[in-house]
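One structure is given below, encoded as structure tokens.
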Amino acid sequence: MFAWADFIYALTMATGASIQPVSVGLYKYIGIYGIKWNNLMAGGFIFSISAILLVVIAGRFVVAGLTSGAIKQ
């Protein structure tokens, strides 16, 4: 639900084409050029790389922070 709400908020509030999230750009790419699945999937893959890297890099810090208070000394 939160992802859909973020998408709708960005779609309605982003007034200029120069400042918009990648998800809205991919959505508008479908409308302008028809559905070219190979280009759309390549854009989606590139879009998801940043989220994957964030999880890999910050994941161990989140786990370390959550487990640091779990051990009683």
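Every number in this text was worked out from the coordinates using simple rules, so none of it is lab data. From a predicted model like this one, the values you see are computed outputs, not experimental measurements. Heads up, the Cβs are rebuilt from the backbone with ideal geometry, glycines too, and the neighbour counts pull from every protein chain shown.
How many of the residues in segment 19-40 are farther than 23 Å from residue 9 by Cα and either surrounded by 11 or more Cβ atoms within 10 Å (Cβ to Cβ) or in contact (Cβ under 8 Å) with a residue 24 or more places away in the chain (or both)?
The number of residues fulfilling the criteria is 2.
For residues that are part of a helix (DSSP H, G or I) and either closer than 23 Å to residue 5 by Cβ or in contact with a helix residue (DSSP H, G or I) (Cβ under 7 Å, 6 or more places away or on another chain) (or both), tally how many sit in segment 17-55.
Here the count works out to 20.
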